[in-house]
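Read through the structure below, which is laid out as structure tokens, and then see the notes.
Read the figures in this text as sums done on the coordinates, not as results from a lab. As the structure is a computational prediction, the values presented were derived from the model and not from experiment. Here the Cβ positions follow ideal geometry from the backbone for every residue, glycine too, while neighbour counts run over all protein chains shown.
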Amino acid sequence: MMRKGPRFLAKAWTRLQAKADILLPLALLLGALLLHTIDPQQIGYLRNDTFDNYQRLKPNRYNPDLPVRIAAIDEQSLKKFGQWPWPRTTMAMLINRLHDLGASVVGLDILFVEPDRSSPEQIVEQLPETPDLDHVRETLSKLPDNDSVLASALRSTPTVLAFALTQADPRRQQLAPKPIGGFAVVGANYDDMSFLPSFAYDIVPLPQLTAAYNSIPTARGVGATNALPGPDGIYREIPLAFSYRSMPTVTDYDLATEYLVPSFVAEILRVAFGETTYVLSNGGAVTIQTLGSFLHQSGVGRIRIGKSLTIPTTKNGSVLLYDTGHIDQRAFSLADIMKPDFNRSLVEGRIILVGATVEGLNDLKSSPITPNMPGVEFHAQAIEQVLATNLLNERPLIRPYWANVVEAFFLLAVGMIMIFMIRHRGALAGLLLSLITIVVAIAGSWHLFSTWRFLVDPIYPSATIFLIFITGTMMNFLRTEGERRQIRSDFSQYLSPVMVDRLIENPDRSALGGEIRDLTIMFSDIRGFTKISESLDPQALTQLMNRYLTPMTDIVQDHHGTIDKYIGDCIMAFWNAPLDVPEHARQALLTAFSMRAALAKLNAEFRAEAAQSGTALPEIRAGIGLNSGPGCVGNMGSEQRKTYTVLGDTVNTASRLEALSAAYGVDLVIGHETAAAVSDFALLELDQVRVKGKVLPVRIFTALGDTRAAESDTFRELRARHIALLGAYRQREWDLATAALAACREVAPSGITGLYDLYERRIAEFRLHPPPADWDGVYVAMSKAG
């Protein structure tokens, strides 16, 4: 058990490494999908930066016909009316002037939190208690309070006041003003409302300015001016509603209040259209509910203001800012409205926002286009966008509820294709797919933005795909290098260096798992090796075998053969695996010819060395068997040890043929499949033999030379006489066979005299003991050796 554990782990690790170029990119893809679902701040930062660049390339078009203008508290106004804050009587005068000029609604983007310090009442409290000032105190006490003057102006003009929500306790005991317009939730639930920005504390206007709950209304609306910057400090959205969850008060520890409150922008729109209600719904989820919960978008999707306005929002109830940038035409100075020749059309029938644009009042914020834009201009743009959507049918800028699903599906689909491409088509195809993905993603995203004003992120999917490409390519390179090393290690002992290099270039051809291929098998064995080994000491025998096997191995590899194994003095080799070898039977036969020549040369060297040293080395004689046919080739063995080898009947027959070479007096025996493939060589049929383990007889041949030898007159004459010999022999015509045998000996080379000696003995035996009546001329080999 202790041994199997480490072996199992090693095997699993090996398999894991072999699939690393798939598993690692796949893990990266799944991790990227999970990260996309979680949507951390860093991804949002990249996405927002992309959308900001879209707006810089194609900013929103400013429409001067939209009825929204800013009455700016600017440098000119401060110069005319004095240092800020102005007396409330001045504010009342300006509001009354805007009313006289025909303003539809006046939104005061100003917090009136503390009583006016310039009010007569406040001045009286600051005067010393002296008799000389009694008359002054009496006169001032009869004057109206400045805040009351402002409240009177607010009652005469449709006005919206501002308040602020905060997470820090301002040490105030008042609750945020309850909304004048009622809130309703339709097609969603209050869990979706939890996505609204939530605050626990507030900074509210003076009660006398928000006396909308008394019988005499003051301001027609009160809204929170909070805006939510991104992590980089850029303001990209304007909330329309908030969740107010007040903390218990000092006087009543058990009191905690929770309700929805409108934003400053929402209240201005409600008052401008004379509406009384807000309806919040999950617009995206209602639309696609039948597609299943997978596509369900939680949160707010739409806000309706009465029956007049329908506003698509983000899930947290905000309007996405499609920025025009700072537009001078959008504003006029409050100092100018007091002039008799002021252009009344700038105010009449319009929504007028009063707010600071001067830098010293610290109300400048960064938009996607403008680094420093007055906060009141953000509100103006949000109102313009809502009016353009509802009155002019312009498309709002939204990130649709399906954007996340489309991005994830695009990433998953292209990611899987990328992993397949790198594995099976290589780095170039992967790079091309990466470039196409980036172009399609960016072009598609830009089209959705510029045409439909949809915000769909192209960067995260594209960057992830490119990262998968880099990772997959790197792992594929490491896998390929590992395969190269493994192939070189596995096959360097079997193949020539050239063949190994070719195999490295085509690693799929190694078929390490085993496959059936058409092969030519060779067995080459030294005859009488036992006697040779008994005559030599171990050192001399080893030296002899090395001198014999080395050149024979080189010859096999030079002819594109694969060394299967050495079995003592026997060489087993095959052709057409692991790489294709065209005309593999021909290459094997040429190898046999070269081995025959090399052996003659080696024996000549032995004789020369013996003449010089006086120490005789035995002459080596070898037999070769060749057979062609199907064989199963691949890495075989056990978990502990494997070898690249071939199995099958073709191998067994080749071994039998080599064993028959001595019996037939030749050094080369060829099976009929091999002979058929090299029929243009100088071949002679040896016999029809039923070898051990075979039912059907096998025609066997020997080869005396190549195609040039086959075309010689001598061989043609020998072949004709040889055919006549075999014909007479198989027809039991012993006299004709004897005559033909004599004729063959006249032209036969010395290398096959043993063959004719064999037939001479057989004919003599058959004369004495004729074969049975059903004899078909087939010789039965009773053992592997014949």
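At-a-glance table
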{"item": "Inter-label distance for ILE417 and ALA676, nm, one decimal - labels placed 7 Å from Cα along Cα-to-Cβ", "result": "4.8 nm"}
{"item": "Charge tally in the Cβ shell below 13 Å around GLY274, where Lys, Arg are +1 and Asp, Glu are -1, GLY274 excluded", "result": "+1"}
{"item": "Volume per residue of the C-alpha convex hull in segment 709-786, rounded to whole Å³", "result": "111 Å³"}
{"item": "Segment 510-678: Cα Rg divided by the 2.2 N^0.38 Å rule of thumb", "result": "1.08"}
{"item": "Label-point gap, in nm, between SER712 and LYS307 - each point 7 angstrom along Cα→Cβ", "result": "11.6 nm"}
{"item": "Entries in LYS178/LYS307; LYS531/LYS565; LYS601/LYS692; LYS565/LYS692 that, when Cα-Cα distance is taken, lie over 26 Å", "result": "LYS601/LYS692"}
{"item": "In nm, spacing of pseudo-spin labels at ALA720 and GLU685 (7 Å Cα→C-beta vector)", "result": "1.8 nm"}
{"item": "Convex hull of segment 297-337 built on C-alpha atoms - directionally averaged projected area, nm²", "result": "5.2 nm²"}
{"item": "Rounded FRET efficiency, nearest 0.05, which uses the C-beta distance separating LEU478 from ILE327 and R0 of 51 Å", "result": "0.35"}
{"item": "Protection-proxy order for peptides 554-564, 718-728, each taking the mean of Cβ atoms within 10 Å per residue, highest first", "result": "554-564, 718-728"}
{"item": "Ascending count of other beta-carbon atoms within 10 Å, so fewest first, for HIS99, HIS447", "result": "HIS447, HIS99"}
{"item": "Length added when fully stretched, LEU26-GLU258, from 0.36 nm per residue minus Cα-Cα", "result": "78.8 nm"}
{"item": "Stretchable slack from ASP554 to HIS769, in nm (0.36 nm times residue separation minus alpha-carbon distance)", "result": "72.6 nm"}
{"item": "Additional length obtainable on full extension of the chain from ILE442 to VAL185, 0.36 nm per residue less Cα span", "result": "88.8 nm"}
{"item": "Compactness of segment 583-668 as Cα Rg over 2.2 N^0.38 Å, two decimals", "result": "1.46"}
{"item": "Protection-proxy order for peptides 262-273, 565-576, each taking the mean of Cβ atoms within 10 Å per residue, highest first", "result": "262-273, 565-576"}
{"item": "Förster-model FRET efficiency, 41 Å R0, TYR45 and ALA200, C-beta, rounded to 0.05", "result": "0.90"}
{"item": "Segments 298-307, 325-334 sorted - mean Cβ within 10 Å per residue, highest first", "result": "298-307, 325-334"}
